[in-house]
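My structure is below; once you've seen it, I'll send some questions.
The values are calculated or read from the model by the stated rules, or taken from the named source; none is laboratory data. Remember, predicted model here, so these are calculated numbers, not experimental data. Neighbour counts run over all protein chains shown; Cβ positions are idealised from the backbone, glycine included.
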């Protein structure tokens, strides 16, 4: 597919990203034709990668941020879907499941605020430096350590925990 005028092809974008943050910090690249690429980067280079993509590749928008529980690898993955309205770079980082922390990107992309809060609610991933990492989707009385999209959390566990909280008089659930 030929890029639109003024746009960079995905292959060119990946090569520029490697040059911008160091090829050694790009761990994996998977193209998903015709307009998507998934790029795994070292967690400590996340902010550099996001900044580079937004400033140097003219990507203007974060579509969403998603979490993935890689329970068999004892890891979590955070995926940042960035677009220039023609192509999408899905920037991925992996973090330990037992200490799921990643730096916030809200200082680079203020629109990431709600997406990070959602991922925190559902997976328990902490976005360090987030200006307001409070519940977004879950009710106020929801247990702080119960994250419904983690693969080791069952519907039965959720029911039992919520019933325990109700018996304690917790409101909002």
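Name the one entry in 104, 88 that is closer than 17 Å to residue 44 by Cα and buried (at least 18 other Cβ atoms within 10 Å of the Cβ).
Details: 88 fails: closer than 17 Å to residue 44 by Cα.
After ruling out the rest, the residue left standing is 104.
Table: residues versus (1) out of contact with any helix residue (DSSP H, G or I) (no Cβ under 7 Å at 6 or more places or on another chain); (2) under 20 Å from residue 68 (Cα atoms); (3) surrounded by fewer than 16 Cβ atoms within 10 Å (Cβ to Cβ).
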site	(1), (2), (3)
23	yes, no, yes
34	yes, no, yes
42	no, yes, no
47	yes, yes, no
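Then there's this: If you scan the stretch 36-69, which residues turn out to be farther than 30 Å from residue 153 by Cβ, out of contact with any strand residue (DSSP E or B) (no Cβ under 6 Å at 6 or more places or on another chain) and at pLDDT 95 or above?
45, 48, 51, 52, 54, 55, 56, 57
Would you kindly identify the strands (runs of 3 or more DSSP E) lying entirely within the stretch 55-173 that contain at least 2 residues that are under 25 Å from residue 32 (Cα atoms), under 15 Å from the mean Cα position of the chain (by Cα) and touching a residue at least 24 places away in the same chain (Cβ under 8 Å)?
Counting at least 2 such residues, we get 61-70, 75-83, 88-96.
Any residue at all in the stretch 19-40 that is closer than 25 Å to residue 147 by Cα and either under 18 Å from the mean Cα position of the chain (by Cα) or assigned by TED's automatic domain parsing to the domain that holds residue 126 (or both)? Even if it seems obvious, please write down each step before you answer.
Step one: filter the stretch 19-40 for residues closer than 25 Å to residue 147 by Cα, giving 40.
Add one more test, that the residue is either under 18 Å from the mean Cα position of the chain (by Cα) or assigned by TED's automatic domain parsing to the domain that holds residue 126 (or both), and what stays is 40.
Among the residues of the stretch 19-40, at least one is closer than 25 Å to residue 147 by Cα and either under 18 Å from the mean Cα position of the chain (by Cα) or assigned by TED's automatic domain parsing to the domain that holds residue 126 (or both), which makes the answer yes.
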